[in-house]
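K.L.:
Can you read through this structure? Questions will come right after.
The values are calculated or read from the model by the stated rules, or taken from the named source; none is laboratory data. Here the structure is a predicted model, which is why all the values come from computation and not from measurement. Here the Cβ is made from the backbone with ideal geometry for all residues, glycine too, and neighbour counts use every protein chain on show. The area values use the complete protein model at the heavy-atom level, side chains included, leaving out ligands, DNA and RNA. Shrake-Rupley method; radii C 1.70, N 1.55, O 1.52, S 1.80 Å.
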Amino acid sequence: MKSKEVNPILMDFPMPIGTPRLIIKPPEIGDGEMVNEAIKESFKELHPFMPWAKEMPTAPESEIFVRSAAANWILKNNDEPYLPLFMFDKETHQFIGGTGYHHYDWEAGSIEIGYWIRTSFTGKGLMTEAVNALTQYAFKELCMKKISITCDINNKASKRIPEKLNYRLESIIKENRVDVDGKVSDTLVYIRSID
């Protein structure tokens, strides 16, 4: 199927995505509470780098996000909340973090992957495993030709992931973001194209 020939609303994406340790799937109604708990646990790490974590959301705000996201998996609007995916431990079913696709252009075949992980699950290679799966899925199932990952230049953990997965640093956008302390920072843009 060539995505540019089909209205995105009519596109069906097989889910969930499975990896050796993870189940990755779209949000479902009722997921807001577990997402909120993970954000609370991880807020100190998320706050400096994630624009959506400038303030701690309430549980109802997290549920509103989840419901909007679930709806957008049908509508596929190229706007917030885009196409988020939630990661769960394959054995315990515990919520691990969020990832997903945004800034997609079905006609051009380009898409961006974003991600965050719950603090108690960092350092285990889980996000690298998830982003690798999303990369392969974007090429094979979504018919994408180019995938980008962006991150703050100071977010060392985040930039290691595309580097491990053979994304290349395409550009550095100078002074285009402001951190929580009001300091201007740069954005790294990593790209991977279909082999």
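K.L.:
What percent of all Cα-Cα pairs in region 49-107 falls into each 5 Å bin, going from 0 up to the bin containing the maximum distance?
P.N.:
Reading upward from the zero bin: 4, 16, 21, 26, 20, 10, 3, 1.
K.L.:
Largest first and in whole Å, what are the equivalent-ellipsoid semi-axes of region 94-189 based on the Cα gyration tensor, each being the root of 5 times an eigenvalue?
P.N.:
Value: 22, 19, 12 Å, ordered largest first.
K.L.:
Taking only C-alpha pairs under 8 Å that are 6+ residues apart, what is the relative contact order of the chain in percent?
P.N.:
The value is 19 percent.
K.L.:
If you restrict to DSSP beta bridges whose two residues both lie in the chain, what percentage is antiparallel, to the nearest 5?
P.N.:
Here the antiparallel bridges make up roughly 90 percent for the chain.
K.L.:
Taking 0.36 nm per intervening residue step and subtracting the Cα-Cα distance, what contour gain separates Thr122 from Ile9 on full extension?
P.N.:
Contour length minus the Cα-Cα distance gives 37.2 nm.
K.L.:
Separate question: Multiplying the sequence separation of Lys183 and Glu41 by 0.36 nm and subtracting their Cα-Cα distance, what value in nm do you get?
P.N.:
Here the answer is 48.7 nm.
K.L.:
Please report, largest first and rounded to whole Å, the three semi-axes of the ellipsoid equivalent to region 48-153, where each semi-axis is the square root of five times an eigenvalue of the C-alpha gyration tensor.
P.N.:
Each semi-axis is √(5λ); the values are 22, 18, 14 Å.
K.L.:
Treating the Cα atoms of region 1-52 as identical point scatterers in vacuum, please give the log10 of the normalised Debye intensity I(q)/I(0) at q = 0.32 Å⁻¹, two decimals.
P.N.:
-1.12
K.L.:
How large is Rg/Rh for the chain, to two decimals, with Cα atoms and a Kirkwood Rh?
P.N.:
0.94
K.L.:
Once you place label points 7 Å from the Cα toward the Cβ at Gln136 and Asn154, how far apart are they in nm?
P.N.:
In this crude label model, Gln136 to Asn154 measures out at 3.6 nm.
K.L.:
Starting from the residue with the highest accessible area, list Lys124, Lys44 in decreasing order, probe 1.4 Å.
P.N.:
Lys44, Lys124
K.L.:
Counting Lys +1, Arg +1, Asp -1, Glu -1, what net charge surrounds Pro60 among other residues with beta carbon under 12 Å of its beta carbon?
P.N.:
-2
K.L.:
Would you mind pulling out the separation of the Cα centroids of region 71-108 and region 125-189, in Å?
P.N.:
Each part reduced to its Cα centre gives a spacing of 15 Å.
K.L.:
Calculate, for Ile194 and Arg21, the FRET efficiency according to 1/(1 + (r/R0)^6) with r their C-beta to C-beta distance and R0 25 Å; round to the nearest 0.05.
P.N.:
0.45
K.L.:
In Å², and per residue, what accessible area does the chain have when probed at 1.4 Å with the other protein chains present?
P.N.:
Ligands and nucleic acids excluded, the result is 53 Å² per residue.
K.L.:
Determine, from the Cβ-Cβ distance of Arg168 and Glu28 and an R0 of 30 Å, the FRET efficiency 1/(1 + (r/R0)^6), rounded to the nearest 0.05.
P.N.:
After rounding, the FRET efficiency stands at 0.25.
K.L.:
Could you tell me which helices of the chain pass both thresholds, a Cα extent of 18 Å or more along their own axis and a mean Kyte-Doolittle hydropathy of at least 0.0, with helices taken as whole DSSP H runs?
P.N.:
Details: long enough: 32-46 (19 Å, -0.50); 59-75 (24 Å, 0.46); 126-140 (21 Å, 0.32).
Span-like helices in the chain: 59-75, 126-140.
K.L.:
Which part of region 14-52 falls in the paramagnetic zone of Cys143, meaning amide N under 19 Å from the point 7 Å along Cα-to-beta-carbon?
P.N.:
14-15
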